[in-house]
Amino acid sequence: GENVEQHPSTLSVQEGDSAVIKCTYSDSASNYFPWYKQELGKRPQLIIDIRSNVGEKKDQRIAVTLNKTAKHFSLHITETQPEDSAVYFCAATAGEAGANSKLTFGKGITLSVRP
Amino acid sequence: NAGVTQTPKFQVLKTGQSMTLQCAQDMNHNSMYWYRQDPGMGLRLIYYSASEGTTDKGEVPNGYNVSRLNKREFSLRLESAAPSQTSVYFCASSLRGQKEKLFFGSGTQLSVL
């Protein structure tokens, strides 16, 4: 089955700096890679995703890049703000749209933004 | 439109007791899921239901049972709770054709003493 790993497990940055969170996956058939953000005591929420036919996707201050050859993908947050402090989960799946695909999650990275 | 609603939010059980976690969604989603979240372990899938009338095991199904009561509701039952089942449980749902985009409930914090 799929194995998703996140590095590092914790990350601390100064407000205004950029943060990069990396994930690796094992199944070369995986074709969809979402990122979920979970604030303290809250539910995980989808913040951005990318499909394997795209190398990069941006949404305001966040972006995700995908390297299929190396089987890794990264979340980039620019101009970090205290409200970016949260646990970030990456995930992967090889399912096709409409098929019985299931996400495999990484263990999560705790991002702390120091004011 | 409440999204995904879970009850209860908190529960304390004694070892051996049973309980059912309830989940309902009002987004007309086809698929529903139960995850558990433990420190340093991420989100692990317990059971899922791809559509009404079907259920399948996930990564960590032992000690749990599920019922897809109808399209809206998906319950998780612990028949004989164990301390190892102390965790935060999340229900989630997704739309047909977008099974990867999960919408989560607010979670149930369960402690088994």
Members of the stretch A:8-32 found to be assigned to a strand (DSSP E or B) and touching a residue at least 60 places away in the same chain (Cβ under 8 Å), listed by number: A:T10, A:L11, A:S12, A:V13, A:Q14, A:A19, A:I21, A:C23, A:Y25, A:Y32
Of the residues in the stretch B:1-37, those that are of a type in the set (V, I, T), under 16 Å from B:S111 (Cβ atoms) and either surrounded by 19 or more Cβ atoms within 10 Å (Cβ to Cβ) or under 10 Å from the mean Cα position of the chain (by Cα) (or both) come to none
So the check is Cβ under 6 Å with 6+ separation or different chains; which pairs have a first residue in the stretch A:74-86 that's under 16 Å from A:K58 (Cα atoms) and a second one that's polar (S, T, N, Q) and part of a strand (DSSP E or B)? A:S74/A:T65
Pull up the stretch A:36-56, narrow it to residues that are facing another protein chain (nearest Cβ under 9 Å) and either over 15 Å from B:G42 (Cβ atoms) or not aromatic (F, W, Y) (or both), then point me to the one that is surrounded by the fewest Cβ atoms within 10 Å (Cβ to Cβ). A:G41
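Would you check if B:L95 is more than 8 Å from chain A (Cβ to nearest Cβ), touching a His at 6+ places or on another chain (Cβ under 6 Å) and touching a residue at least 40 places away in the same chain (Cβ under 8 Å)?
yes
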In the set B:G40, B:G53, which member is assigned to a loop (DSSP other than H, G, I, E, B) and either surrounded by 17 or more Cβ atoms within 10 Å (Cβ to Cβ) or touching a Gly at 6+ places or on another chain (Cβ under 9 Å) (or both)? B:G40
Hey, could you check the stretch B:56-67 for residues that are at pLDDT below 95 and in contact with a Ser or Thr (Cβ under 9 Å, 6 or more places away or on another chain) and say which is farthest from A:T104 (Cα to Cα)? B:D56
Return a yes/no flag: does the stretch A:20-35 have any residue that is within 14 Å of chain B (Cβ to nearest Cβ), within 22 Å of B:G107 (Cβ to Cβ), surrounded by 17 or more Cβ atoms within 10 Å (Cβ to Cβ) and of a type outside the set (G, A, S). yes
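The values are calculated or read from the model by the stated rules, or taken from the named source; none is laboratory data. Here the structure is a predicted model, which means the values were calculated and not measured. Positions of Cβ are backbone-derived with ideal geometry, glycine not excepted, and every protein chain shown enters the neighbour counts.
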